[in-house]
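Here is the structure we will look at, set down as structure tokens.
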Amino acid sequence: MVINDQEVQEAVDQFMAGLKRRNPGEHEFHQAVEEWVETVMPVAMRNPECDRNQILERMTEPDRIVIFRVTWEDDDGHARVNRAWRVQFNNSIGPYKGGMRFHPTVTQSVLKFLGFEQCFKNALTGLPMGGAKGGSNFNPKGKSDREVMRFTQSLMKELHRHIGEHTDVPAGDIGVGARELGYMFGEYKRLENEFTGVLTGKGLTFGGSLVRTEATGYGAVYFGRHLLEQVGDGYDGKTALVSGSGNVAIYAVEKLNELGAKVVTLSDSGGTIYDKDGIDAEKLAFVKDLKEVRRGRISEYADEYGCEYFEDARPWGVQADLAFPCATQNELDEDDAKQLVDNGCMAVVEGANMPTTLAGLHVFEQAGVHFAPGKAANAGGVAVSGLEQSQNSLRISWDAEEVDKRLKGIMSDIHDQCVHYGERDDGTVDYVSGANLAGFNKIAQAMLSHGLV
Ligand code: NDP
Ligand code: 2IT
């Protein structure tokens, strides 16, 4: 069936109008769906089964959302109230899987966009995982360990009834790391009297997987290596910008250093450090201690090493070959994209989820910048989470070499799928289309097999 661009655009506009009507004010969710539907609509229009079974409508409607109050007591004995959610988006190809985010900017819209993207990301890994996301508007910054513990325990008192190793397996995300996952696991175990792989990213002494901590950052850099090889290039001698200074950013820098690139920036919500000499292994050890142990600000790096610090700024004004946005959604907009293009940036690899705005993405597409979307490039984290589930089910632990080998294999396979579904006539690769279509095909097939559920 021949369908022209105008017909596709009209169908996209009509679909988005309906989605916006059904989900008013959920801007992040609208954005994630729009980026996706632009690429899958032509395929859906050519397949009458999609319309007959309302596949696009069903894929953009979460299976369920649980919303609940979390009451906890702060160190002064005052009651505090937060809101928490678990968005169980789609379990067609496996139990729900996806992280929990604790950050004051968390809303239902943010968690719906994250849960939606998680479905396709998880499908790309080749592992049996459906898509979900959860979290709370709780702000862990400035809270004592005991406050974080009490909040997390209170949250789990409700969440435990909605999750389980065969139902829904949460993990970490922004503001949820080893400490929070440890408390969550402890509380779940107490409430259910069961020691199971109900969470991933667990500590190594209670069922966690080696390389899970490093997996998202490492995986993004492995993906970037394939992307560069595809155009006959590599990391050696390249300068890279990394944003954020949390879990994903730190291990992206570690792997970029190992593979011969020089990273010159890191950031947090306070600003950006620019170290033109490069953030080498010794300086990165300082960042790990600063962020993972002392929970300090990135400006302290500039004090320590005497480099530049741009308050309230993001890294995208600095000249470099590569950009790895690894902080949060919409941290790279149209103007940032133009600046990167003007400065000769050749590739963007998303370590974060949806860090680039839709307008920014279109700037990169028009300029021919190689662009790896988060749902492909940052899938290494959830992939190793899937491997953690496998190890828990088998009651064994693989060594780091084995997990890293599997991670490399999965990232290579995701890259192959993107090329298979996204190769353009001129031989370049549209990774956004490729990732969306590969994930869509797999989930659509499973949904069609299951009937109208
Ligand atoms: P962390 O909490 O470890 O680090 C987040 C970093 O981003 C911090 O430097 C933080 O700065 C910064 N940041 C967060 N929110 C904002 C904001 N609104 N404005 C400016 N800076 C902000 O989280 P992760 O490293 O785990 O996650 C980073 C990104 O990667 C997220 O998009 C997440 O969804 C994605 N991701 C994470 C995976 C994982 O396995 N952890 C897997 C796949 C994707 P500050 O401390 O000042 O807030
Ligand atoms: O966005 C993500 O993929 C994650 N935060 C990791 C999810 C997981 O289940 O490991």
Item checked: Using θ = phi - 60° and Karplus 6.51 cos²θ - 1.76 cosθ + 1.60, couplings along region 280-295 (whole Hz; Gly, Pro as x) -> 7, 4, 5, 5, 5, 4, 4, 5, 4, 5, 4, 8, 7, 10, 7, 6
Item checked: Helix-only CD estimate at 222 nm, as mean residue ellipticity for the chain, using -39500 (n - 2.57) per DSSP H run (n ≥ 4) -> -15500 deg cm²/dmol
Margin query: In region 1-115, if the dipole is taken from +1 on Lys/Arg beta carbons and -1 on Asp/Glu beta carbons about the Cα centre, which of L56, I93, N4 is farthest to the positive end?
Written below: I93
Item checked: Of G296, S267, P315, farthest towards positive along the dipole that unit charges on Lys, Arg, Asp, Glu beta carbons give the chain -> G296
Checklist line | Student exercise, region 146-190 dipole from Lys, Arg, Asp, Glu Cβ charges, in Debye to nearest 20 | finding: 260
Next item on the list: Quick one: which residues, 5 or more positions from D63 or on another chain, have an amide H under 5 Å from its amide H? H modelled 1.01 Å from N in the peptide plane, none for Pro or chain starts.
Entry: F89, N90
Next item on the list: With a ≥ b ≥ c taken as the square roots of the eigenvalues of the C-alpha gyration tensor of region 87-211, please select rounded if a/c is under 1.5 and otherwise prolate if a/b is larger than b/c or oblate if it is not?
Entry: oblate
Notebook entry, point to check: About the Cα centre of the chain, what is the dipole size in debye to 20, counting +1 per Lys and Arg Cβ and -1 per Asp and Glu Cβ, all else neutral?
Noted result: 1840
Next item on the list: Output the peptides 308-317, 326-335 sorted from most to least packed, where packing is the average of other Cβ atoms within 10 Å over each peptide's residues.
Entry: 326-335, 308-317
Next item on the list: Could you give me the radius of gyration and the Dmax of the chain, taking only the C-alpha atoms into account and expressing both in angstrom?
Entry: 21.1, 67
Notebook entry, point to check: Under the classification rounded if a/c is under 1.5, otherwise prolate if a/b is larger than b/c and oblate if not, where does region 271-400 fall, given a ≥ b ≥ c as square roots of the Cα gyration tensor eigenvalues?
Noted result: oblate
Next item on the list: Let me know the shape class of region 1-145, please: from the alpha-carbon gyration tensor, a ≥ b ≥ c as square roots of the eigenvalues, rounded when a/c is under 1.5, otherwise prolate if a/b is greater than b/c, or oblate.
Entry: prolate
Notebook entry, point to check: So who's got an amide H within less than 5 Å of the one on F371, skipping anything under 5 residues away but keeping other chains? H placed 1.01 Å off N, in plane.
Noted result: V348, Y431
Item checked: Protection-proxy order for peptides 10-20, 340-350, each taking the mean of Cβ atoms within 10 Å per residue, highest first -> 340-350, 10-20
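Any read-out appearing in this document is the output of simple, stated calculations on the displayed coordinates, not a laboratory observation. Please read all numbers here as calculations on a predicted model, not as lab measurements. Note: ideal-geometry Cβ built from the backbone for every residue, glycine included; neighbour counts use all protein chains shown.
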